[in-house]
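Below: the structure, in structure tokens.
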Amino acid sequence: MKKQVFNLKNKPVNEVDLPDIIFNVKVLPDLIYQYLRYQGAKKRQGTHNTKTRSQVKGRAKKPFAQKGTGNARQGSSKAPHFRGGAISMGPQDRDHSFSLNKKEKKLALKCALSEKNKKDEIIIIEDLKLDSHKTRELATILKSFNFNSALFIHDSETVDENFKRASHNLPKISLICQSGINVKDLIHHEKIFIVKDTVDAISKRLL
């Protein structure tokens, strides 16, 4: 499918061919949700930890005699029902991540890109080159695109230092290399700007 290419001043300059197998597939919401769960689980630290009876400091000696006190028998003061005792069935260090195979990951990315394309929220940009590193100037330029949040997908060679520095202080604007695109960033940003020369790299990665 043909897609218009714009420059940073929001003027059409060219056209590019977007492969339907990447940008026009059937959207599977369940797979997108599974990928988001996968990303969230990988991000969790899993360092929550409580002490078991073997880890609580204290004596293992019986706190009082078994008979003659009128109290229930007790073998140790480390039990969960004692103050300062162990935590019963508390959280332990663990890895929350789970596996997602490569085909599922690629298809989830295709679904996210296709969903954005169907909503006309993907903009192919000619390049990300600026003459100045001033944030105010970039903000003025981007106003013509009319968005609340945007993700700029580039290759390491298709973005210059001026654009990086100018966009650094703009809220709700993110830059990401095409090798690091993920479903969460694609879904959570309103507009997706893809540099024209990066389209081929994304297509090769997801084919």
Taking Cα atoms, the helix 29-43 axis meets the longest principal axis of the chain at an angle in degrees (rounded to 10) of 60
Considering the convex hull of the alpha carbon atoms of the chain, report its projected area averaged over all viewing directions, in nm², one decimal.
17.6
Estimated D of segment 71-162 in µm² per second, where Rh is the Kirkwood radius over Cα pairs and Stokes-Einstein applies at 20 °C, 1.002 mPa s
108
Would you list, by chain and number, the aspartates and glutamates whose Cα falls below 18 Å from the Cα of LYS172, excluding same-chain residues fewer than 8 positions away?
GLU121, GLU137, ASP185, GLU190
Residue order, fewest to most beta carbons within 10 Å, for TYR33, TYR38
TYR33, TYR38
For the pairs LYS11/LYS204; LYS103/LYS196; LYS105/LYS164; LYS105/LYS204; LYS3/LYS103; LYS2/LYS116, flag any whose C-alpha to C-alpha distance is greater than 22 Å.
LYS11/LYS204; LYS103/LYS196; LYS105/LYS164; LYS3/LYS103
Gyration tensor on Cα atoms of segment 153-207, a ≥ b ≥ c root eigenvalues, a/c under 1.5 rounded, else prolate if a/b beats b/c, else oblate, says oblate
Using Cα atoms only, what is the angle between the long axis of helix 102-118 and the major principal axis of the chain, expressed in degrees (0 to 90) to the nearest 10?
50
Under 12 Å between alpha carbons, and skipping anything fewer than 8 positions from LYS43 in its own chain: which aspartates and glutamates qualify?
ASP95
Prolate/oblate/rounded label for segment 50-90 (Cα gyration tensor, a/c 1.5):
prolate
Anchor LYS78: lysines whose Cα lies under 21 Å away (excluding residues fewer than 8 positions away in-chain):
LYS51, LYS57, LYS61, LYS62, LYS67
Relative contact order, percent, of segment 1-147 when contacts are C-alpha pairs under 8 Å separated by at least 6 residues?
35
Ranked HIS96, HIS154, HIS133, criterion: other C-beta atoms within 10 Å, fewest first
HIS96, HIS133, HIS154
For the chain, size of Cβ-based charge dipole, Lys and Arg +1, Asp and Glu -1, in debye
2180
Which residue fluctuates most in the GNM of the chain (Cα springs below 10 Å): LEU107, LEU142, LEU151?
LEU142
Taking alpha-carbon centroids only, segment 30-59 lies from segment 166-195 a number of Å equal to 28
GNM of the chain, Cα pairs under 10 angstrom: of VAL16, VAL56, VAL25, the biggest fluctuation goes to VAL56
How far, in nm, would the chain grow between THR140 and LYS62 when pulled straight, counting 0.36 nm per residue and subtracting the alpha carbon separation?
20.6 nm
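Since every read-out is calculated from the coordinates, none of them should be taken as a lab result. None of the values given here were measured: they were computed from a predicted structure. Cβ: placed from backbone, ideal geometry, glycine included. Neighbour counts: every protein chain shown.
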